[in-house]
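Engineer: Mind looking over this structure? Questions follow.
No value in this document is a laboratory result; all are computed from the given coordinates. For clarity, every value in this text was computed on a predicted model and none was experimentally measured. Neighbour counts run over all protein chains shown; Cβ positions are idealised from the backbone, glycine included.
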């Protein structure tokens, strides 16, 4: 799936979780709204109607008493008005309970007491006796029933409020679950998307850095079929072509070095014979020219030797004869060999070796070449009157011994640190920038890595450089 498709899928998942959460909350709120409507509207109406029934009962009782005392017809009308209001409230209560799906007991009470009211008033008007229109025991019984119904309604209000509260808690939980689900889906999706994008990017970055640091072009293991996979496949194709070209170049250099070495040996031998006057006497000017030719042939021979050595090392053919070596003795021998190069340049050589260092397991000749390469570079880039220090100390937390060569030259910019160990690379600037072919550090790195150590650089412009390498201790 492409990166765009993965982002779209992640977006749809988040959208789905969001809408499910919103839909669930909507249903919960709808149910809570219905419960609230029952409590606020219907139950409140029942409560109000029960209160009205009690008021009308008291009004009927009061109007009957006033009529008994004052014998005024207006109290009869007031009694009848209260009675009609009472019956209307009973009828409305019956309808409200019907909406709730409860029994119609209010309708039965209304019908029964409607007959009682009619009989009471009709009997009084026709007979003129002092009988009660609305018997007190009936009124008390009715008031008791209304009060009981009112209390029952209050209990139902409290019960429905508890249910509403429980529904609110459920809605809160669902909202929290939806929020956490959305957050988790977002985080998990983001982590997976980030991993799916950064993993091939890291592989590509390692491949590019391997080219920059070591000049080795290795394929990257990216199996995705998205845009990054296409970039990785293009990089691997480029890496394959570069490796093929590098092999062809190495083979060509090895062949050229071998083919040139034979005639070069013949030329050197001929120069020696002429210089020894085998073919006749020569003057001083001719001898000087022959000496220059011999020196240049020596330089070319050394260059061919280095080229062939690099080719063998890149093919993994580093021949080592490791044995226990004393670090202090090794450094002293290297300083003696480098002294003829340092003295004409006005550079002092100094060693700082930590006492009682353990022996290292190394090929002494190969290790001397590494130190001499570093000393030669340090001397070339050091100003006259400068100092080059060779330090030997424990690796620290590592199991080996650390060798370092420090100078006070112009330093190396940070952006060039990853390239100085590549073959043919020469550092820009400095008094010795244009000397050599840029093979010494590449050869040194191969030798150190063949010993199982590492080689690195610490340098800042204007503050000199420190090249270091580690070698394992002898067991």
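Engineer: How do 361, 248 line up, fewest other C-beta atoms within 10 Å first?
Structural biologist: Starting with the residue having the fewest Cβ neighbours, the order is 248, 361.
Engineer: So for 425, 468, fewest C-beta neighbours within 10 Å to most, what's the order?
Structural biologist: Ascending number of Cβ neighbours within 10 Å: 425, 468.
Engineer: At 7 Å along Cα-to-Cβ for each site, give me the label-to-label distance between residue 138 and residue 266 in nm.
Structural biologist: Roughly 15.0 nm, to one decimal.
Engineer: Ranking 347, 353, 278 by Cβ neighbours within 10 Å, fewest first, what do you get?
Structural biologist: 278, 353, 347
Engineer: Test of understanding: what is the full-extension gain from residue 201 to residue 475, defined as 0.36 nm times their sequence separation minus their Cα-Cα distance?
Structural biologist: Extra length available between residue 201 and residue 475 comes to 94.5 nm.
Engineer: Let me ask something additional. For the pair residue 243 and residue 299, how long in nm is the line joining their label points, each one 7 Å along Cα→Cβ?
Structural biologist: The two pseudo-label positions are separated by 3.8 nm.
Engineer: When the gyration tensor of the stretch 354-426 is built from Cα positions, what are the square roots of 5 times its three eigenvalues, in whole Å, from largest to smallest?
Structural biologist: Largest first, the stretch 354-426 gives 24, 16, 14 Å.
Engineer: Expected output is a single nm value to one decimal: the length gained when fully extending between residue 288 and residue 343, i.e. 0.36 nm times separation in residues minus the C-alpha distance. What is it?
Structural biologist: 17.4 nm
Engineer: Given R₀ = 51 Å, what would the calculated FRET efficiency be for residue 449 paired with residue 275, taking r from the Cβ atoms and rounding to 0.05?
Structural biologist: The value I calculate is 0.75.
Engineer: For the stretch 323-472, what value does the Rg/Rh ratio take when both radii are computed over Cα atoms and Rh is the Kirkwood radius, given to two decimals?
Structural biologist: 0.94
Engineer: Any chance you could run the full-extension gain for residue 319 through residue 47? It's 0.36 nm times the residue separation minus the Cα-Cα distance, nm to one decimal.
Structural biologist: 87.4 nm
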